[in-house]
Amino acid sequence: MTRVTEIRYVGYGVENFDAERAFYVNDWGLVEVAAEDGLAWFKTHGHDEHHAVRLHESDANHVEVIAFAADTRADVDALHEKVVAAGCRIVHAPRALEAPGGGYGFRFFSPDGLPFEISAEVARSTKRAMARWEGMPVKISHIVVHSPDHQALVRFFTDVLGFRISDWLGDFMCFLRCNEAHHRVAILPGPPCLNHVAYDMLTVDDMMRGVHRLKQRGTDIRWGPGRHTAGNNTFSYFTTPGGFAVEYTSELEEVDFETHQHKVHIPGPQVMDQWGTGVGGPQTMPHPAPDARLFQASEI
Ligand SMILES: [Fe+2]
């Protein structure tokens, strides 16, 4: 089946471009790969995806694009047809992409109005071997979004985009895979918005070193450190200067894409966090609110 196979990057519109840019380069641990006036692209050290984050100066903090990969140009065309058939609003049909790294892709709004891109043939960048204790992000691990009809959005991700269900937490949080990673996307009930973007760290020690660096630089942990049950990954959550939640994670479970059978985890304090030693909880994370630009296409 034609499907999405990876996450590429998340594009944000931000009111304070300079603060957000400084956070990602100096604190979070990304590398700026291209920039023009009010626009910049950033990659991770340990992966050759062309960029993992795009920042764009804006009059509101909002999500401009969540970009996924498909394997081939033919897959992009086929996914476009499926997204059209599903009744989604298309921003642009498949075409050559103008962003650094190029590629061939299309943009659309999810049924809830969040902007997505699916592309192939984007240029690969460089990567370097990472060593334990560096505490720098290797790659994007996963994104989590809210939906007013989360069951319908799960069906959209499975039936249209080709994701598979890896686990449920109760009946309210669904973990979805598009490759061997236990989840690349998770969906929660709530107003249509991005909940957080997580970055893989090489080891749990790297996550802790990242926590330490952020603390020294004035960004305190919002929730964690801990270890989730679904996916068995460690977690530490923070917020960027623009108020977006970001996560350092490690040791996310790998599963067989074709054969993995999902479980339903019964919600409870030590299911959300198997360690139970960290600070905060879901209640100390930013309160979800509808994205400020639903169904409004970014000009870039
Ligand atoms: Fe996460």
How much net charge surrounds residue 96 when only the other residues with a Cβ under 14 Å from the Cβ of residue 96 are counted, with Lys and Arg +1 and Asp and Glu -1?
-1
Rounded to two decimals, what ratio of Rg to Rh does the range 6-120 give with C-alpha atoms and a Kirkwood Rh?
0.99
Order 132, 3 by their accessible area, 1.4 angstrom probe, all chains in place, largest first.
132, 3
Taking N as its residue count, the alpha carbon Rg of the range 40-179 over 2.2 N^0.38 Å:
1.12
So who's got an amide H within less than 5 Å of the one on residue 64, skipping anything under 5 residues away but keeping other chains? H placed 1.01 Å off N, in plane.
11, 12, 13
Looking only at 185, 144, 25, which one moves most when the chain is put into a Gaussian network model with springs between Cα atoms under 10 Å?
25
Accessible area per residue, Å², the range 151-300 with all protein chains present, probe 1.4 Å
43 Å²
For the chain, would you read off the P(r) tail past 29 Å as a percentage of all alpha carbon pairs?
29 percent
Name the residues whose placed amide hydrogens come within less than 5 Å of the amide hydrogen of residue 139, ignoring near sequence neighbours (fewer than 5 apart) on the same chain.
200
Whole-Å distance linking the alpha carbon centroid of the range 86-154 with that of the range 224-300 is 17 Å
Using θ = phi - 60° and the Karplus form 6.51 cos²θ - 1.76 cosθ + 1.60, what ³J(HN,Hα) does each residue of the range 119-131 get, whole Hz, x for Gly and Pro?
9, 9, 6, 6, 4, 7, 9, 9, 8, 9, 5, 10, 10
Convert each backbone phi in the range 217-229 into a coupling constant with the Karplus relation 6.51 cos²θ - 1.76 cosθ + 1.60 (shift: θ = phi - 60°), then list the ³J(HN,Hα) values in order as whole Hz, x for Gly and Pro.
9, x, 10, 7, 5, 8, 8, x, x, x, 9, 5, 8
Mind listing the long-range amide H neighbours of residue 196? Cut-off is under 5 Å, sequence gap 5 or more, other chains count too, H placed in the peptide plane at 1.01 Å from N.
144
Quarter of Cα convex hull surface for the range 137-282, i.e. mean projection, nm²
8.4 nm²
Evaluate the relative contact order of the chain (contact order divided by residue number), counting alpha-carbon pairs under 8 angstrom at least 6 apart; express in whole percent.
18 percent
Summing -39500 (n - 2.57) over the DSSP H runs of n ≥ 4 in the chain and dividing by its residue number, what mean residue ellipticity at 222 nm do you reach, to the nearest 500 deg cm²/dmol?
-4000 deg cm²/dmol
Would you list, by chain and number, the aspartates and glutamates whose Cα falls below 20 Å from the Cα of residue 263, excluding same-chain residues fewer than 8 positions away?
159, 167, 171, 180, 251, 253, 254, 273
In the neighborhood of residue 124, defined by Cβ-to-Cβ distances under 13 Å, what is the net charge if each Lys or Arg adds +1 and each Asp or Glu adds -1?
0
Tally Lys/Arg at +1 and Asp/Glu at -1 over every other residue whose Cβ is under 13 Å from the Cβ of residue 47; what's the total?
+2
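The values are calculated or read from the model by the stated rules, or taken from the named source; none is laboratory data. The structure displayed is predicted, hence computed values, not measured ones. As a convention, Cβ positions derive from the backbone with ideal geometry for all residues, glycine included, and neighbour counts pool all protein chains shown. Surface accessibility is based on the protein's heavy atoms, side chains included, excluding ligands, DNA and RNA. Shrake-Rupley method; radii C 1.70, N 1.55, O 1.52, S 1.80 Å.
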